[in-house]
Amino acid sequence: MAGDDCAENANLNYWAYWLGSIQEPQPDDDFMRHGPTGWDPVRLLRGLAAGLHQAPAYMDLYVHSLWALLSANPWLPLADAVLTGRLATHTARLLDHGGISRRASRELSAVHYVLRKNRT
């Protein structure tokens, strides 16, 4: 996915659908590539943050998806100060404890930076 904008968009569209930011039923998987527009990035941020806590086996995928979402929408931390604070604390703990891939660590560092930089 990395470096492929179409794949990054498909990933975010998939998560938006899976986590309820896209409310309309989709007849097939084509929406992932061409996606409905206008889904709620704040709702997606909340869902990915929850998944980061609840699904440690998929840590790299959640980290990458958070990184892609915040890269595309760096204003998101301003939308929910409470969530941003909790997520910043959680990402700092994950970075301190290690146990994630190098790539996930780099992306999580970038996520943590955006969270800290754009807090209200």
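With θ taken as phi - 60° and the coefficients 6.51, -1.76 and 1.60, list the Karplus ³J(HN,Hα) couplings across segment 48-61 in order, rounded to whole Hz; mark glycine and proline as x.
5, 4, 5, x, 4, 6, 8, 10, x, 5, 10, 3, 4, 5
State to the nearest 20 debye the size of the charge dipole of segment 63-120 about its Cα centre, where the only charges are +1 on K and R beta carbons and -1 on D and E beta carbons.
140
So what's the back-of-envelope 222 nm ellipticity for the chain, counting only DSSP H runs of four-plus at -39500 (n - 2.57) apiece and dividing by all residues, rounded to 500?
So the calculated ellipticity at 222 nm is -21500 deg cm²/dmol.
For helix 102-117, what angle does its Cα long axis make with the longest principal axis of the chain, in degrees from 0 to 90 and rounded to 10?
Compared with the principal axis, the helix lies near 80 degrees.
Using θ = phi - 60° and the Karplus curve 6.51 cos²θ - 1.76 cosθ + 1.60, what whole-Hz ³J(HN,Hα) does each residue of segment 18-31 get, with Gly and Pro shown as x?
With coefficients 6.51, -1.76 and 1.60, one gets 4, 9, x, 6, 9, 8, 6, x, 10, x, 7, 7, 4, 4 Hz.
Round to a whole number: what % of the accessible area of the chain belongs to carbon and sulfur, probe 1.4 Å?
The value for the chain is 53 percent carbon and sulfur by accessible area.
Return a whole-number percent for the relative contact order of the chain, with Cα pairs under 8 Å and 6 or more residues apart as the contact set.
Rounded, it is 23 percent for the chain.
How much accessible area per residue does the chain have, counting only protein heavy atoms and a probe of 1.4 Å, in square angstrom?
Each residue of the chain exposes 57 Å² on average to a 1.4 Å probe.
So, with +1 on the Cβ of K and R and -1 on the Cβ of D and E, and no other charges, what is the size of the charge dipole of the chain about its Cα centre, to the nearest 20 debye?
Using Cβ point charges on Lys, Arg, Asp and Glu, the chain gives about 720 debye.
Apply the Karplus parameterisation 6.51 cos²θ - 1.76 cosθ + 1.60, with θ equal to phi minus 60°, to every residue of segment 89-98 and state each ³J(HN,Hα) to the nearest whole Hz, in sequence, with x for glycine and proline.
Using θ = phi - 60°, the values come out as 5, 5, 5, 4, 4, 4, 5, 5, 8, x Hz.
Place +1 on the Cβ of every Lys and Arg and -1 on the Cβ of every Asp and Glu in the chain, take the dipole about the Cα centre, and give the residue among F31, A57, G85 whose Cα lies farthest towards its positive end.
The residue sitting farthest along the positive end of the dipole is G85.
The values are calculated or read from the model by the stated rules, or taken from the named source; none is laboratory data. Note that the structure is predicted; figures quoted are calculated from it, not measured. When we count neighbours, we look across all protein chains shown, and the Cβ atoms used for this are built from the backbone with ideal geometry, even at glycine. Areas reflect the complete protein model, heavy atoms only, side chains present, ligands, DNA and RNA absent. Shrake-Rupley method; radii C 1.70, N 1.55, O 1.52, S 1.80 Å.
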